[in-house]
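Scroll down for the structure; my scribbles are underneath it.
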Amino acid sequence: MSRPLSVTVVICTHNRPMLLERCLQAVRRIEYPDLVLSVVDSAPDSHEARTLAARYGADYSLVPIRGLSRARNVGARAARSDIVAYLDDDMVPHIDWLAPLVAEFADQRVIAATGPVLPLTMAEASPNELQLTLETSSWGPDRFQVDRHSPEWFERANFGDVGDGNMALRREAFDRFSGFDEQLGRGVTITSGEEHYAYFTLIETGHRIAYAPQAIVFHPVSPATPEYSQHLIAQATAYAAFLMWRHPRYALRVTKFFAEGLLRKKRSWRKLGGPQQTSLAASLSLREVTGAFARGVFTWWRSVRG
C-alpha cells in the first residue's frame, strides 16, 4: 500500500489574530495522516501570529513586505511536503476539506486542485444543505478538470470556475514556474487575480487543474452593494489589462470575454445563480460601469509604474 501524500497547509495572515486562531482551530480538527501546519505572517504589527502558531504547533515564517502572493510563495518554498494547500486567515475549512482535495493528485497529470468556497453562514450546515448549496454555486457539485484541450480553457482559468483561494498545488510546481505573481493579490495595487493567473500559467504550459466539490471551505460574504460591484468590475478590469500587457497574443480573447459579459452572455460552465445568471453590471448605470472600468485601467497603470 502506497503512503499518503504529505501535505503542508499554509495559512497566510496579516494582522487578524482572531480570524487566524479560528482558522487554526478548524484545521487542527482535520484528521490526516501526514499534515504540517504553517503560518506565514505578512508585515505584522505585533507578535500575535507567531504566538498563535506556536500554540497550535504550526511552523512560522515572517515576511516583512506585505503581499498575499509573496506570502504564498514563501510558504510553498519553505514546505517539504508533496502537496502545499492554502487557506487565507478568514477561511474556515470543513472538517472533511483536505482528503478530497488531496485525492485529486492521484491523477499524475494534475498539478493543482481547487474546491468550492461557500458562505461562512453555512459552516454548521448539514450535508444535505451543503449539497443543495453546491447545486447553485458558481462551481457546482460535479468534479471536473481543465487543461488546454478544455473548451474556453483560457476564459475559465482567468475569469471562471477554476477556483478562488481554496486550492492545493504539488510542491514540485514551484520548481517549474515562478509561483504566484507578486504584482497581484491583496497587499499590492491589483488586489485580485493571483490564483487565476497561476492557473492560467500552469494550464498554458501543459498542466491540468482539478476541481473537488467536496473540498469545501467557508468564507465571509461581502455585501452585495453597488459600490462593491463597482469594486469588483474595477479589479477585474485591472487584471484584464495586466493579462493583455503580459500576454498581448490573448488581447482579443480578453476583449471578447468582457464584451460578451456586458451583453450578459451565459456561460455553460458558470452556474452562479442558476440558468438566469445576471451580470455584475446589470444593476449599475452606464456611468457607474464606465467609471469602474476607468478605475480598473488606472489601477493597472499604477501597478506598471510601481
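The values are calculated or read from the model by the stated rules, or taken from the named source; none is laboratory data. The structure presented is a predicted model; accordingly, all values stated were derived computationally and were not measured. Glycine also receives a Cβ, built like all others from the backbone with ideal geometry; neighbour counts cover every protein chain displayed. When the accessible area is computed, the model is the full protein with side chains, heavy atoms only, and any ligands, DNA or RNA have been set aside. Shrake-Rupley method; radii C 1.70, N 1.55, O 1.52, S 1.80 Å.
Sorting check: for 250-262, 212-224, 89-101, which peptide has the highest mean count of neighbouring beta carbons within 10 Å, and how do the rest follow?
On the way: 250-262: 14.5, 212-224: 17.5, 89-101: 20.3.
Per-residue Cβ counts within 10 Å, averaged per peptide and sorted highest first, yield 89-101, 212-224, 250-262.
A simple rule links phi to the HN-Hα coupling: the Karplus curve 6.51 cos²θ - 1.76 cosθ + 1.60 with θ = phi - 60°, which for segment 41-55 gives 9, 9, 6, x, 9, 8, 9, 5, 5, 4, 5, 5, 4, 5, 4 Hz, with x for Gly and Pro.
Considering only A238, Y60, A251, and ranking their Cα positions along the charge dipole of the chain that arises from unit charges at the beta-carbon of Lys, Arg, Asp and Glu, the one farthest toward the positive end is A251. Given their separation in residues at 0.36 nm each and the Cα-Cα distance between them, R28 and D164 gain 46.7 nm when the chain is fully extended. Divide the volume of the convex hull around the Cα atoms of segment 41-95 by the residue count and you get 103 Å³ per residue.
Taking a ≥ b ≥ c as the square roots of the Cα gyration tensor eigenvalues, segment 22-128 comes out oblate, since a/c reaches at least 1.5 and a/b does not exceed b/c.
Classify segment 31-72 from the C-alpha gyration tensor, please: rounded if a/c falls under 1.5, else prolate or oblate depending on whether a/b exceeds b/c. Walk me through the intermediate numbers first.
Numbers: a/c = 3.73, a/b = 1.53, b/c = 2.43.
It comes out oblate by the Cα gyration axes.
So for the chain, taking the charge dipole from beta-carbon charges (+1 Lys/Arg, -1 Asp/Glu), which of A113, Q131, T205 sits furthest toward the positive end? Looking along the dipole axis, the top candidate is T205. For segment 25-151, the solvent-accessible area works out to 48 Å² per residue, with a probe of 1.4 Å and every protein chain left in place. Tell me whether segment 67-151 comes out rounded, prolate or oblate; compute the Cα gyration tensor, take square roots of the eigenvalues as a ≥ b ≥ c, and use a/c under 1.5 as the rounded threshold. Oblate, since a/c reaches 1.5 and b/c is not below a/b. In the context of the full protein assembly, H231 retains an accessible surface of approximately 80 Å², using a probe radius of 1.4 Å and ignoring ligands and nucleic acids. The angle between the Cα long axis of helix 251-262 and the main principal axis of the chain comes to about 80°, on a 0 to 90 degree scale. Considering only V84, S38, P226, and ranking their Cα positions along the charge dipole of the chain that arises from unit charges at the beta-carbon of Lys, Arg, Asp and Glu, the one farthest toward the positive end is P226. For the chain, adding -39500 (n - 2.57) for each run of n ≥ 4 DSSP H residues and dividing by the number of residues yields -12000 deg cm²/dmol at 222 nm. Could you tell me what percent of the accessible area of the chain is made up of carbon and sulfur, with a 1.4 Å probe and every protein chain present? Of the solvent-accessible surface of the chain, carbon and sulfur hold 56 percent.
Using only the alpha-carbon atoms, how far is helix 194-204 inclined from the longest principal axis of the chain? Give it as 0 to 90 degrees, nearest 10. Approximately 90 degrees, to the nearest ten.
Largest to smallest in accessible area, the residues R70, R246 fall in the order R246, R70 (1.4 Å probe, all protein chains included).
The residues of segment 167-253 present an accessible area of 39 Å² per residue when probed at 1.4 Å with all protein chains retained. Here segment 148-234 is treated with +1 on each Lys and Arg Cβ and -1 on each Asp and Glu Cβ, and its dipole about the Cα centre works out to around 260 debye.
For the chain, treating each Cα as an identical point scatterer without solvent, what Debye log10 I(q)/I(0) comes out at q = 0.12 1/Å? So the normalised log intensities are -0.81.
With +1 on the Cβ of every Lys and Arg and -1 on the Cβ of every Asp and Glu, and nothing else charged, how large is the dipole of segment 111-155 about its Cα centre, in debye rounded to the nearest 20?
Using only the charged Cβ atoms, the result is roughly 140 debye.
Computed on the chain, with alpha-carbon pairs under 8 angstrom and 6+ residues apart, the relative contact order is 20 percent. Could you tell me how many degrees, from 0 to 90 and to the nearest 10, lie between the Cα long axis of helix 226-246 and the main elongation axis, the longest principal axis, of the Cα atoms of the chain? Tilt of helix 226-246: around 90 degrees. Heavy-atom accessible area for T191, with the other protein chains in place and a 1.4 Å probe, reaches approximately 50 Å². The phi-based Karplus calculation (6.51 cos²θ - 1.76 cosθ + 1.60; θ = phi - 60°) puts the 3J(HN,Hα) values of segment 297-306 at 5, 5, 4, 4, 4, 4, 5, 5, 6, x Hz, whole numbers, x for Gly and Pro. Magnitude of the charge dipole for the chain, about its Cα centre and with charges confined to Cβ atoms of Lys, Arg (+1) and Asp, Glu (-1), is about 920 debye.
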